[in-house]
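Only one structure is covered here, and it is reproduced in the block below.
The values are calculated or read from the model by the stated rules, or taken from the named source; none is laboratory data. Please read these numbers as outputs of a predicted model, since none were measured by experiment. All Cβ positions, glycine included, derive from the backbone under ideal geometry; neighbour counts span all protein chains shown.
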């Protein structure tokens, strides 16, 4: 049952009849996912304990010191030596922090998540997020090889009665992004109760060694691992359209425009669309005209959602019955490039806007039928290059849970990729599709939104994901228990076994050494060109670095899979990083595909060879051994080939790479006639005969 009071009023316009649903009625049902928590058994606890030299980083607050004392004691009881660093990274700065991280540590445990104070210059940001950002950046700058584990308290809701704290939830969104960009740096996230006791600390500390879980919640009942699972399908198929005045922030953008059209078609009476530029935004006039033609009253207003007083004036004037917060611009930047200014820019309209809408609608006494937040999958599983964006969207998910706990309507949808002008469009579409992230048509995405509202979901993920393709790229450099229940065993990362691979293997086996080298290099260059979207191999030089060509973890996994299937070998996803040029990969494949050489000749074999070489040919014939040697040579080397080569000194046809004669016109290979072969044998010396008998080629 919901943890908020039941509201018995029905505010939706039923534009289509309600019909029973099954999981096959709509393809969008397969796009629905939810976050859940799996109880971790004691058997899953790592056998080893954290040991060695650990750095414990705590904020300079009374609470930070108390937590630090508990954490240090728990680490020491597990056998680790602990050095404490009490620091405010925001005050010290990245360079100052890097100077303190020069030693070699076996692990870093950060309690910076306990400092939730906002930054003076950027109130949307808090020290938990920025402090952890600076700590991780400084560790990279200092060349610190130890993994960083971040501890939070009440940042996640394991049970329906729990309410996530804002700063901690953002830190979890941040950590998921760092894990993807810098997998060897990031240890993981551990969430504790508000006041963790000694047992909770012991459970947490025992998980600080690699064991497959990196998103863990510790509660009085045990430890839990975060999982993503399919969400239940909707029970009905109706279009949910709020009546009255509906506010759509970011309403003149691509997503907001698609939403506004659907609302207008569904019968919403008044649409208030906001953006920073309002009526001057590109396409705003055309959109307003289109919506008016659908029967809706339209107001396009300029409003910076990060400006609290501007939001207050907007709400006071229009007093909406429903709010859809789509404002926010996806931001892509390497984690190491983030600073306060860029992070605050990502947070502004998205996080502050949502916060202002929540607080001011309450303050102004505006009763809402719906409060819908457009979040992102970057908050759920992370996204390389969008670390700050993931943290910002995690704040929206947490806000929805806090509103529901307070008995207020709220739904946060973590979207995958939208088409129709969304971030799935353009040059990145093919790249993302190869990764397994499908672009959702806007009408289908909005149908999924209807399902979420109809089910009164608090948080839900809506994304078109091919997990068998997504999982290998996602886990190429770091395993993830988060998606472990969404993929089959064959979908795990680590390369793929080729279904066949025999065709290439046969050609490779038949080729000579030089031809093999050319075959492999050509194969690698062709697949590199295909993976990177090049029309040909002209730009794929044998010694040109893959990094220079623009390889990423996604394309690296794809190339390993392609070559593995072609060659019939299981290749690791790190292939292009272990062998950074086409020539290096070709050389590696040659080592894998070339059969090992036979055992070296022993003393007895060498003695036999020497003895045969000293015996005259006539004596072998008289002793009846010549025919036996010839039969042995035929059995060992394919009957005709050595006889042709050795007896005549040269093949009748061009020598093929496999040593067989060239086919004649009938498709059969030539072989010497018996008489010609017998006459030629008389001309052989002892060494040649030995080579013939042992199946070795002539000189």
_Single match in 251, 257 (criterion: more than 18 Å from residue 453 (Cα to Cα), assigned to a loop (DSSP other than H, G, I, E, B), touching a helix residue (DSSP H, G or I) at 6+ places or on another chain (Cβ under 7 Å) and at pLDDT 95 or above)_ = 251
*Applying the selection to the stretch 531-558, what residues are closer than 28 Å to residue 471 by Cα, modelled with pLDDT under 90 and part of a loop (DSSP other than H, G, I, E, B)?*
533, 534, 535, 550, 551, 552
*Among the listed residues 117, 104, 77, which satisfies the condition of being surrounded by fewer than 23 Cβ atoms within 10 Å (Cβ to Cβ) and touching a residue at least 60 places away in the same chain (Cβ under 8 Å)?*
77
*asked:* Looking at 69, 95 in this structure, which one is in a helix (DSSP H, G or I), surrounded by fewer than 18 Cβ atoms within 10 Å (Cβ to Cβ), out of contact with any helix residue (DSSP H, G or I) (no Cβ under 6 Å at 6 or more places or on another chain) and in contact (Cβ under 8 Å) with a residue 12 or more places away in the chain?
replied: 95
_So, residue 219, is that one closer than 27 Å to residue 329 by Cβ and either at pLDDT 95 or above or out of contact with any helix residue (DSSP H, G or I) (no Cβ under 6 Å at 6 or more places or on another chain) (or both) or not?_
no
*Enumerated strands (runs of 3 or more DSSP E) restricted to the stretch 128-246, each holding at least 3 residues that are over 24 Å from the mean Cα position of the chain (by Cα) and farther than 27 Å from residue 92 by Cα*: 240-242
